[in-house]
Amino acid sequence: MDKKILIADDEASIRNALAYALKREGFLVETAVDGEDALEKVRLFRPDVLILDVMMPKLGGYEVCRRLESRKGIGILLLTAKNDIVDKVLGLELGADDFMSKPFDLRELLARIKALVRRLEREGAPAAEGTEVVLGPLRVRPSSRTAELGAIALDLTPKEFDVLALLVSHAGRVYTRDELLEQVWSFDYVGGTRTVDIHIQRLRKKLEPHQAILQTVYGIGYKAEKMT
């Protein structure tokens, strides 16, 4: 692989062990010892995946997420000593793609990193030209990964776009949370199905005043529906 991974963690043992394992898998690896160092390495190294420890000197992982100049094309995996849903929700709000709680199994972490790289590759792959899905005032273009509500371009994160495109492309079909998790995240995501609910909530806010396009099917999951 020629994918680049930046590991930001103040614990040398974790940095070194993870860097060694990733290099053996063929990744190009750089490390950072704190949050400020991580931001500088992001600018210089331009990683495909950023592994961030939540608790670091100077700047923690959450603050690094806030200060990133651009998230486009960068996958973020947070390492946290906590297993609190509040922390996971905050990370999702800041654009994290996945979590691992410390202490972690190295094999599972490697599997999650590889899964994240595969998702990023799929998101960056060109789609069929001319594809466009229209649902009322909403237009979704998978080929350019853009969406518009009327004349307004929607500012969506990669995962928000994936969830919206999947539901709108199969309007009327009900997807369970597990199905959405499997098809969009393509992995047994550590955040669980709660991350689906969070992304739906964020999408509804961005679709106002047409948020009813995304409907909850109570006890089952979600669907997209054209509203009259």
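The values are calculated or read from the model by the stated rules, or taken from the named source; none is laboratory data. In this text, all values refer to a predicted model and were calculated from it rather than measured experimentally. Positions of Cβ are generated from backbone atoms using ideal geometry, with glycine treated the same way; all protein chains shown enter the neighbour counts. The area values use the complete protein model at the heavy-atom level, side chains included, leaving out ligands, DNA and RNA. Shrake-Rupley method; radii C 1.70, N 1.55, O 1.52, S 1.80 Å.
Some points to look at:
- Helix-only [θ]222 nm of the chain, DSSP H runs n ≥ 4, -39500 (n - 2.57) each, per residue, nearest 500: -12000 deg cm²/dmol
- Once all protein chains are placed together, E208 keeps about 110 Å² accessible to a 1.4 angstrom probe.
- Estimated dipole of the chain in Debye, rounded to 20 [Cβ of Lys and Arg +1, of Asp and Glu -1, Cα centre]: 420
- 9 Å beta-carbon shell around R139, net charge (K/R +1, D/E -1): -1
- Other residues lying with their Cβ under 9 Å from the Cβ of K3 contribute a combined charge of -2, Lys and Arg counting +1, Asp and Glu -1.
- Fraction of antiparallel bridges per DSSP, the chain only, in percent to nearest 5: 45
- Violating pairs (Cα-Cα greater than 29 angstrom) within the set K4/K223; K3/K223; K4/K58; K3/K206: K4/K223; K3/K223; K3/K206
- Candidate aspartates and glutamates - alpha carbon under 16 Å from K102, same-chain residues fewer than 8 apart omitted: D9, D10, E11, D53, D84, D87
- Loop-located GluC sites (Glu not before Pro) in the range 3-75 (DSSP state other than H, G, I, E, B) with a sparse environment of at most 16 neighbouring Cβ atoms within 10 Å: E11, E25, E69.
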